[in-house]
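Some notes on the structure that comes next.
The values are calculated or read from the model by the stated rules, or taken from the named source; none is laboratory data. Source: prediction; values computed, not measured. Cβ placement follows ideal geometry from the backbone for every residue including glycine, while neighbour counts extend to all protein chains displayed. Only protein heavy atoms, including side chains, enter the accessible area calculation; ligands, DNA and RNA are left aside. Shrake-Rupley method; radii C 1.70, N 1.55, O 1.52, S 1.80 Å.
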Amino acid sequence: MSDPARLMRFVLELRQAGVTDARALSAMERTPRTHYAPEHLDGLAFDDISLPLAHAQTMTKPSVVGRVLSALSPQPGDTVLEIGAGSGFQTACIASLAHKVVTLERWRDLTADARVKFGTARLMRVQAYTADGLDGWADEAPYDRIVVNGALSDIPEALLAQLKPGGVLIAPLGDAENQRLIRYRNGAREDLGPIKFAPLERGLPDEAPLPA
């Protein structure tokens with residue numbers, strides 16, 4: 001984000017949308033959303049709107065990313081598991097606040113695109129895998145923080161089993177129409193208000209193999 005005026009407006013709009021956490025705002029200010037937006041839509045990257053990705057996926061609107069970052073509150077020594085890499089923008093924001101991020105994406109081409117962007121941005125402590133996010137990623141468990149970018153009816157036991165004692169898990173719970181952002185910690189659930197995500201789907205889609 002090299003345009004100071006647009007960046008200032010971007011941050012102002014985030015504050016107006018209710019994102020006031022200083023660390024979340026700083027992470028989003030330092031992370032160029034234009035780098036992660038679809039190339040033909042990078043002119044909209046400063047706007048507080050979601051952007052379409054392949055396979056009917058979306059790049060989450062910045063104010064929602066801000067809310068999620070504020071709720072997750074990753075710390076410098078944390079290892080974070082993210083379910084649903086999407087464009088990679090939120091992943092990169094988390095990586096600027098945490099020690100390490102493992103991000104999972106069910107679409108192989110989105111995983112590949114995100115890896116390229118992480119490499120270009122020199123995010124060496126981000127690992128991106130194609131996997132069913134509802135199973136988590138046991139190889140790097142347990143995690144200090146887990147964040148789910150898709151609505152669930154309840155928190156999967158596999159994810160709870162991969163969360164450190166005292167760790168934080170953030171997820172939207174509910175159906176397609178009524179969802180609440182939930183923060184889970186030490187067996188307790190805190191309702192952080194209404195939110196809107198597409199439902200998280202189980203399994204990997206059938207895709208043609210990626211070119212070698």
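Among the residues of the stretch 135-161, those that are in contact with a helix residue (DSSP H, G or I) (Cβ under 9 Å, 6 or more places away or on another chain) and open to solvent by 20 Å² or more (accessible area, probe 1.4 Å) comprise ASP135, ALA138, ALA141, PRO142, ARG145, ASN149, PRO156, ALA158, ALA161. Given the condition of a type in the set (Asp, Glu), at pLDDT 95 or above and in contact with an Asp or Glu (Cβ under 7 Å, 6 or more places away or on another chain), answer yes or no: does some residue in the stretch 40-49 qualify? Taking every residue of the stretch 40-49 in turn, none turns out to be of a type in the set (Asp, Glu), at pLDDT 95 or above and in contact with an Asp or Glu (Cβ under 7 Å, 6 or more places away or on another chain).
Got a number for residues in the stretch 162-175 being under 12 Å from ASP144 (Cα atoms) and either in a strand (DSSP E or B) or more than 18 Å from the chain's Cα centre (by Cα) (or both)? Show your work before the answer.
Step one: list which residues in the stretch 162-175 are under 12 Å from ASP144 (Cα atoms), which gives 162-170.
Next, only the ones that are either in a strand (DSSP E or B) or more than 18 Å from the chain's Cα centre (by Cα) (or both) stay: 163-170.
So the count comes out to 8.
Of the residues in the stretch 198-208, not one is in contact with a Lys or Arg (Cβ under 9 Å, 6 or more places away or on another chain), open to solvent by less than 60 Å² (accessible area, probe 1.4 Å), of a type in the set (A, V, I, L, M, F, W, C) and farther than 15 Å from VAL68 by Cβ. Residues considered: LEU81, LEU110, LEU123, LEU69. Of these, the only one that is in a loop (DSSP other than H, G, I, E, B) and hydrophobic (A, V, I, L, M, F, W, C) is LEU123.
HIS55 meets each of the listed conditions (1) open to solvent by less than 40 Å² (accessible area, probe 1.4 Å); (2) part of a helix (DSSP H, G or I) apart from (1). Evaluation of ILE146 against the conditions (1) in contact with a Lys or Arg (Cβ under 8 Å, 6 or more places away or on another chain); (2) part of a strand (DSSP E or B) shows that the sole unmet condition is (1). Among the residues of the stretch 1-52, those that are part of a helix (DSSP H, G or I) and among the small types (Gly, Ala, Ser) comprise ALA5, ALA22, ALA24, SER26, ALA27, GLY43.
Within the stretch 11-38, being more than 17 Å from ALA98 (Cβ to Cβ) and among the small types (Gly, Ala, Ser) holds for ALA17, GLY18, ALA37.
Filter the stretch 91-118 for residues that are touching a residue at least 40 places away in the same chain (Cβ under 8 Å) and β-branched (Val, Ile, Thr); which is surrounded by the fewest Cβ atoms within 10 Å (Cβ to Cβ)? Among them, the one singled out is VAL102.
In this structure, LEU159 does not satisfy being touching a residue at least 60 places away in the same chain (Cβ under 8 Å) and not in a helix (DSSP H, G or I).
For the stretch 1-25, the set of residues classified as free of Cβ contacts under 8 Å to residues at least 24 places away in the same chain and surrounded by 15 or more Cβ atoms within 10 Å (Cβ to Cβ) consists of VAL11 only.
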